[in-house]
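One structure is given here, and the rest of the page talks about it.
The values are calculated or read from the model by the stated rules, or taken from the named source; none is laboratory data. All of these numbers come straight from a predicted model, not from anything done at the bench. Positions of Cβ are generated from backbone atoms using ideal geometry, with glycine treated the same way; all protein chains shown enter the neighbour counts.
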Amino acid sequence: MKYLVYITGLRGPEAQIWHEHDTYKDGKPTVVLYRRALTPLEANLELDELKRRYPYAEPTKLGDKNN
């Protein structure tokens with residue numbers, strides 16, 4: 001199964017396609033901000049198309065007056 005994940009990158013959330021749900025990369029734990037299992041049709045799409053369909057949105061904070 002493939003997953004679209006957003007992880008913490010140097011310039012903010014970074015989209016990646018993972019072929020398994022593995023929270024360790026290069027022997028270090030990776031903080032996953034968002035994970036979505038891809039359907040067989042979505043698994044064939046390019047990363048840019050998946051980013052357009054499923055953009056990362058910062059979680060809202062409870063009590064934030066701007067919500």
Original post:
Can you tell me which residues in segment 14-46 are surrounded by fewer than 11 Cβ atoms within 10 Å (Cβ to Cβ) and modelled with pLDDT of 95 or more?
Top reply: Pro40, Leu41, Asn44, Glu46
**OP:** Scan segment 1-52 for residues that are out of contact with any helix residue (DSSP H, G or I) (no Cβ under 9 Å at 6 or more places or on another chain), of a type in the set (A, V, I, L, M, F, W, C), part of a loop (DSSP other than H, G, I, E, B) and in contact (Cβ under 8 Å) with a residue 12 or more places away in the chain and report the count.
**Re:** 1
